[in-house]
1. Output the qualifying pairs, or none if there are none: Cβ atoms under 9 angstrom, residues six or more apart or on different chains, first residue in region 329-356 and closer than 25 Å to Asp266 by Cα and of a type in the set (Phe, Trp, Tyr), second residue at pLDDT 90 or above and part of a helix (DSSP H, G or I).
2. Out of (1) within 27 Å of Ala212 (Cα to Cα); (2) in contact with a Gly (Cβ under 8 Å, 6 or more places away or on another chain); (3) of a type in the set (S, T, N, Q), the odd one out for Ser455 is which?
3. Those residues that are open to solvent by 40 Å² or more (accessible area, probe 1.4 Å) and either outside any helix (DSSP H, G or I) or free of Cβ contacts under 8 Å to residues at least 24 places away in the same chain (or both), I need them from region 374-385; list them, please.
4. State which residue is most open to solvent (accessible area, probe 1.4 Å) when the search covers only region 300-314 and only residues that are farther than 12 Å from Ser352 by Cβ and part of a loop (DSSP other than H, G, I, E, B).
5. Answer yes or no as to whether Leu141 is surrounded by 20 or more Cβ atoms within 10 Å (Cβ to Cβ), closer than 26 Å to Glu374 by Cβ and in contact with a Lys or Arg (Cβ under 9 Å, 6 or more places away or on another chain).
6. How do the pairs read when you match residues in region 75-88 that are free of Cβ contacts under 8 Å to residues at least 40 places away in the same chain with residues anywhere that are β-branched (Val, Ile, Thr) and buried (at least 24 other Cβ atoms within 10 Å of the Cβ), using Cβ under 9 Å and keeping only pairs 6 or more apart or on different chains?
7. Considering only residues that are touching a Phe, Trp or Tyr at 6+ places or on another chain (Cβ under 8 Å) and within 19 Å of Tyr100 (Cα to Cα), look in region 470-491 and name the one that is surrounded by the most Cβ atoms within 10 Å (Cβ to Cβ).
Amino acid sequence: MKKTYKMLTAVFALLFTFSACDEDKLLELNVNKNAVTDMDMNYLFSYATLRVGAEYENTRALMLYAATMIQHTSSLASYFSGDKYYYSAQYSGAYMETQYTNVIKLLQHVINNTADVPEQANLNAASVVLKAYVLQRMTDLYGDVPYSQAGNGLESEEYWFPAYDAQQSVYYAMMDDVKAARDKFSASAKPLGVQDFIYSGDTDLWKKFANALLMRMALRISNVDAAKAKDIFTEAYAGAFDNVSDNAMIHYAEGPQGVNRNGLNDGYWNTYKYSKDCKVSKTFVDWMVANNDPRLMIITGGVGDPESSASWETAPAEQRGMPNGYTASTIKNVLDADDDITFDAQGNEMFSMLNIKYMDWSDPYLLITYGETELMKAEAVVKGWISGDASAYFASGVKGAIDSWADFDAGFVRTTGEIAGYIAGRGFAAASNDDKLRLIGEEYWAATYLNDIESYANWRRTGYPVLTPTQDPNRYESNEIPRRLKYWESEIANNPTNYAAAIARMGGDNFMTRVWWDGGK
């Protein structure tokens, strides 16, 4: 008590002293002289870039939902919600929860503070392009999302509860913004330099990235607005990637570097060992085997225990994907007697595991690649949008997709002969136009492995590859592959008016609610 009394006496004495001094000095007590008052915009851009590939949302939206729904991977564990179409509020809304608060907010702050600064034109333009990349993924996953008011909460409290824009408006705005940003990059402005973890400040490559993104956006809306899609695509495609060295990817540091590491790999392997519960899907393995795909022993590291290399069976003929849609109990319904004994003894180890060679923290995080853009061009030729040789674009797209694996591990390089033989075996040149679209869709699916939010979106647009839905009786809504994820549930309580307007416009907030561009394939 005496100690408390003495402290109060000292405080009152201090206040009395200040009452006799200049009032300004008293007001200065409210100023934290050690606080940061002027943030480095380049630093915010760098941090936001690294956060695009962060573990939390990539584990949940990409790995636990999209990758299993698209049947690249499979799991018997119930927390892999997309495998059997379970609903997890925490997982379904995760991408919306964290990319808005940790990426869009920062990028928009950079955009707002560099918009009228000519020397910062490159930083401004790169931030706009990256923001559009993230928000395209956002709207593809959920449908209507905040766009025009998104990320402005640091600027004014009026944006703390942003309105949702209709997806059509989001797409049109994104394409306008990306085109303007592409044309804003300038050799005379301040370079981005080493704080750019994607292209190290190369503005020519950023322009190519912008054009590649426009191509992706154009094809996404092609089933609902073919005229605009064609206009956007034909204006952009000639300025996109020329080879695999142009690939857009986030580059991470070696070793444990906090946020500076591949968060998808952090989730798959290094932190939680999720990969012990996750295997390559039977759908994907069977497709690669049937087509003699040279990526088989890139995608899978073999059959066995991921943590015990002595157990690995790496012969291609021994690879066996895990069928989607089963639990540790129901999987036995599709195993024969010998398999049942093996499963009881080894569990998941009897199925092909993910290859740990592409799971290092320092491995790149893919955004969009040359292989994808060449396959897009092949589709555009088939659609009659552009002239050219669809077979040549198809071949360069497949080759580019396979060659890109060298960025992960030198052992993933495949010979020219192996790749050429695989392409010839696909029979693209002799196929009908409908079959050409199927072949392009399948190869795009293979090319976007590890970028499964994109795989999932393109599957919904094209219907390829043809996938058989899983049939778990405890699925959330129906035994059909979901058409979207449900919104972050906090929006229901925290932003109710704008949330309600969005679901009324979309027709609901369910897995089977279709987004605007979903052509119903």
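1. Every condition considered, the pairs that remain are Phe351/Lys282; Phe351/Val285.
2. Every condition holds for Ser455 apart from (2).
3. If the condition is that a residue be open to solvent by 40 Å² or more (accessible area, probe 1.4 Å) and either outside any helix (DSSP H, G or I) or free of Cβ contacts under 8 Å to residues at least 24 places away in the same chain (or both), then Gly384 is the only one that fits.
4. Among residues in region 300-314 that are farther than 12 Å from Ser352 by Cβ and part of a loop (DSSP other than H, G, I, E, B), the one most open to solvent (accessible area, probe 1.4 Å) is Glu307.
5. So Leu141 fits the description; yes.
6. Ser81/Thr68
7. It comes out as Leu485.
Here's the yes/no breakdown for (1) farther than 30 Å from Asn211 by Cβ; (2) modelled with pLDDT of 95 or more:
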| site | (1), (2) |
| --- | --- |
| Lys332 | yes, no |
| Ala337 | yes, no |
| Thr373 | no, yes |
| Ala378 | no, yes |
| Gly384 | no, yes |
| Tyr393 | no, yes |
| Ala406 | no, yes |
| Ile423 | no, yes |
| Gly427 | yes, yes |
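The values are calculated or read from the model by the stated rules, or taken from the named source; none is laboratory data. Owing to the predicted nature of the structure, the values given are computational and were not obtained by experimental measurement. Methodologically, a virtual Cβ is constructed for each residue, glycine included, from the backbone with ideal geometry; neighbour enumeration extends over all protein chains shown. When the accessible area is computed, the model is the full protein with side chains, heavy atoms only, and any ligands, DNA or RNA have been set aside. Shrake-Rupley method; radii C 1.70, N 1.55, O 1.52, S 1.80 Å.
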